[in-house]
Amino acid sequence: MNCFIFADADGLLFAPAEQEHEILSTAHRIWKRERWQAQEIQSGKKLREQLQFGEYLAYCSTDDTYTFRQHLREIGEPLRNVFSVSCLSTIF
């Protein structure tokens, strides 16, 4: 099985070659979103506001099974570590 290895300061990801395009596309989308968030912070909008953290906490007070990951999906934030790979996947 052919695998690609992706690495950054957060760790390593070993992924099947057939997922290369999907992984790179998602990584680029996340990178663009993070750049936008950084610009928003520089303009004075806190990350807490951008991620609607107050709304998340309010919902958690009524449903203790609700996760931050679910919240991010609902508000349209990109997620890290979203790939299911069969080759070998390890994030350090």
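Just so you know, all these numbers are worked out from the coordinates, no wet-lab data involved. All figures in this text were calculated on a predicted structure; none of them were measured in a lab. Methodologically, a virtual Cβ is constructed for each residue, glycine included, from the backbone with ideal geometry; neighbour enumeration extends over all protein chains shown.
I need the calculated FRET efficiency for the pair Arg29 and Asp63, taking r as the beta carbon distance and R₀ as 35 Å, to the nearest 0.05. Show your work: numbers first, answer last.
Values: r = 29 Å, r/R0 = 0.81.
Calculated value: 0.75.
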Subject >> Rounded to whole Hz, the Karplus (6.51, -1.76, 1.60) HN-Hα couplings of segment 26-31, x for glycine and proline >> reply: 5, 4, 5, 4, 5, 4
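Sorting check: for 12-20, 43-51, which peptide has the highest mean count of neighbouring beta carbons within 10 Å, and how do the rest follow? Intermediate values should be presented prior to the final figure.
Numbers: 12-20: 15.7, 43-51: 11.1.
Top of the packing list down: 12-20, 43-51.
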